[in-house]
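Here's the structure, in structure tokens; my notes come after.
The values are calculated or read from the model by the stated rules, or taken from the named source; none is laboratory data. The structure displayed is predicted, hence computed values, not measured ones. Cβ placement follows ideal geometry from the backbone for every residue including glycine, while neighbour counts extend to all protein chains displayed. The area values use the complete protein model at the heavy-atom level, side chains included, leaving out ligands, DNA and RNA. Shrake-Rupley method; radii C 1.70, N 1.55, O 1.52, S 1.80 Å.
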Amino acid sequence: MKDVEAGELAALRGRADTRQAQDWLSEKKTNRQRVLTEAQSLSFVTEYRQLVKTNANGKVRQIDAPSLHTLVIQHLWMELVMPYYMDVEPGVARNCLPGRGVTAEDRSGSVLKEAKRLFYDRRELSFLACADQRQCYQRLTPAAYRRGMKELRNRVLGGLPVEKRMEAMPYWRWLIDFGEQVSFVDGHLPIGTPTSPLVHHIAMLPFDLWLKEQFPWAIRYADNVWVATETREEAAQALWRIRQFWWYAYRLRAKRHAAGVLPINGEGVDLCGYVVQRLPSKSATSHNKGMTRMRPATLHRAVRCKDDKAWASYFGLMRPADCFGIMQKTEKRMKLTELTQRVRINREMDAKHIDMKDLEGKVHNVYKYEIRRGKEGDNWMKALIGIPDIDGETGKPTGRIRAYEYHGNYQGIIRWLRELEASGIDFLPIEEGRIVNECGYIYEGSTNQIQFIEEE
């Protein structure tokens, strides 16, 4: 029952406010018992809604969206199988697994960080064999899944005594049948269900183990595979062997336009949306030994993005790449339309900032100020000031006062303002003030300066 509850929690994540979820939670004990009974007897029926979605690149996908009941059963199977798979898999697969992804924090689970390590540090590897499976979900058969599950079972039970292995066989037969029934629709893997990536990983387990054993560097992200070798001949041979493995083990073909051999020392290789490039003139111990850019089409969409939520996603994609200048430029140009149109904060001293070096020598009035105090005393101030506005064409005053603000740790000004406060004088506004730089920025005439040294 704990596995059922974990599956239910995973299925409801992000859906708790929907009517379907509310109806489920209103009778959750009954529903949990129903899921457990149906899973044990394999008497459940999966239900899907047919959807059509278009990606940002224009690719149209047919989506099978499972009902909540089906989703809970699918997550239950994943809760049972995932620990076994994570203990056995060789670290080649990088998608839809805990701690894995294109930009995962852990280097051992990140496609991009491993690619940077290959391009920047592993200088003995010079060529990359690239292959992409053609319609992997539609063409992956239940037989391939069952072979992968048997490989997983044999590796999990391999170290146990014969008696223990025989005792576990009925459970594994049920687990294999459970996965096939809950994951496949009309003999193929549907797009849009949480089980499809894991089923694909399990089916590819023999292939991943073979990759890890045969090649010095290999990564598989979903249906994309990259293998690094020392020579072009070795890369071409690796590509041929990969295509043969896919065809004879899974009846899967590689996409013609996506399969090939690329030089690592060239202009860069596109890996999951990032173009990683090695600088051949540098060594593994040099600085600036390579660079990572975003795919031009993605970068073009990011630069033109005007939506705050979408920009947050693009920002996360750009952060691991060498895009700091573009990120700064885009942030300065962007208008936070959704926030500024709905919510505006009224601050009495908010105005255009002016640097002290630009304010020095200019006559201005001080209308308001604020002094903040830290552990060691007053250490910051902000002042709202006004400067007579000058017409840019005629050079004559317009009669209006333009507002500015300056802020910082100007101790000479802070001490003078504190002295004015202590005097009890109503001194605001301070009119016709002028900033001078004399051992720090101060207001002209605000200090008693010594002119002559009197000798005793």
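Residues that are out of contact with any helix residue (DSSP H, G or I) (no Cβ under 7 Å at 6 or more places or on another chain) and within 13 Å of LEU128 (Cβ to Cβ) within segment 278-301 are absent altogether. Please count how many residues of segment 10-33 are farther than 22 Å from LEU80 by Cβ and aromatic (Phe, Trp, Tyr). Of the residues in that region, 0 qualify. Restricting attention to segment 259-278, the residues that are of a type in the set (D, E, K, R), closer than 27 Å to ARG100 by Cβ and either surrounded by fewer than 17 Cβ atoms within 10 Å (Cβ to Cβ) or touching a Lys or Arg at 6+ places or on another chain (Cβ under 7 Å) (or both) add up to 1. Within segment 370-411, the residues that satisfy the criterion of being of a type in the set (Gly, Ala, Ser), over 23 Å from GLU431 (Cα atoms) and under 43 Å from the mean Cα position of the chain (by Cα) are GLY374, GLY377. Please determine, by comparing only the residues of segment 150-177 that are crowded, with 20+ Cβ neighbours inside 10 Å and not charged (D, E, K, R), which one is farthest from ASN224 (Cα to Cα). That would be ILE176. Does ARG253 qualify as being in contact with a Lys or Arg (Cβ under 6 Å, 6 or more places away or on another chain) and at pLDDT 90 or above? In short, yes. When segment 114-170 is filtered for residues that are assigned to a helix (DSSP H, G or I), under 30 Å from ASN265 (Cβ atoms) and not hydroxyl-bearing (Ser, Thr, Tyr), the ones remaining, listed by number, are GLU114, ALA115, LYS116, ARG117, LEU118, PHE119.
If you go through segment 71-114 and pick out every residue that is under 18 Å from TRP226 (Cα atoms) and either more than 20 Å from the chain's Cα centre (by Cα) or among the β-branched types (Val, Ile, Thr) (or both), you end up with 7.
Scan segment 297-320 for residues that are more than 22 Å from LEU125 (Cβ to Cβ) and touching a strand residue (DSSP E or B) at 6+ places or on another chain (Cβ under 8 Å) and the total you get is 4.
Say whether the condition of being hydrophobic (A, V, I, L, M, F, W, C), over 22 Å from VAL88 (Cβ atoms) and open to solvent by less than 30 Å² (accessible area, probe 1.4 Å) is met by at least one residue in segment 130-149. Yes: segment 130-149 contains one or more residues that are hydrophobic (A, V, I, L, M, F, W, C), over 22 Å from VAL88 (Cβ atoms) and open to solvent by less than 30 Å² (accessible area, probe 1.4 Å). So for segment 5-13 (the condition being surrounded by fewer than 15 Cβ atoms within 10 Å (Cβ to Cβ), of a type outside the set (A, V, I, L, M, F, W, C) and touching an Asp or Glu at 6+ places or on another chain (Cβ under 9 Å)), does at least one residue qualify? No, every residue in segment 5-13 fails to be surrounded by fewer than 15 Cβ atoms within 10 Å (Cβ to Cβ), of a type outside the set (A, V, I, L, M, F, W, C) and touching an Asp or Glu at 6+ places or on another chain (Cβ under 9 Å). Per the listing ARG251, ARG304, ARG319, ARG256, the residue uniquely surrounded by fewer than 13 Cβ atoms within 10 Å (Cβ to Cβ), touching a helix residue (DSSP H, G or I) at 6+ places or on another chain (Cβ under 7 Å) and not aliphatic (A, V, I, L, M) is ARG251. Selection within segment 282-297: residues that are in contact (Cβ under 8 Å) with a residue 40 or more places away in the chain and surrounded by 16 or more Cβ atoms within 10 Å (Cβ to Cβ). The member of this set that is farthest from the chain's Cα centre (by Cα) is LYS289.
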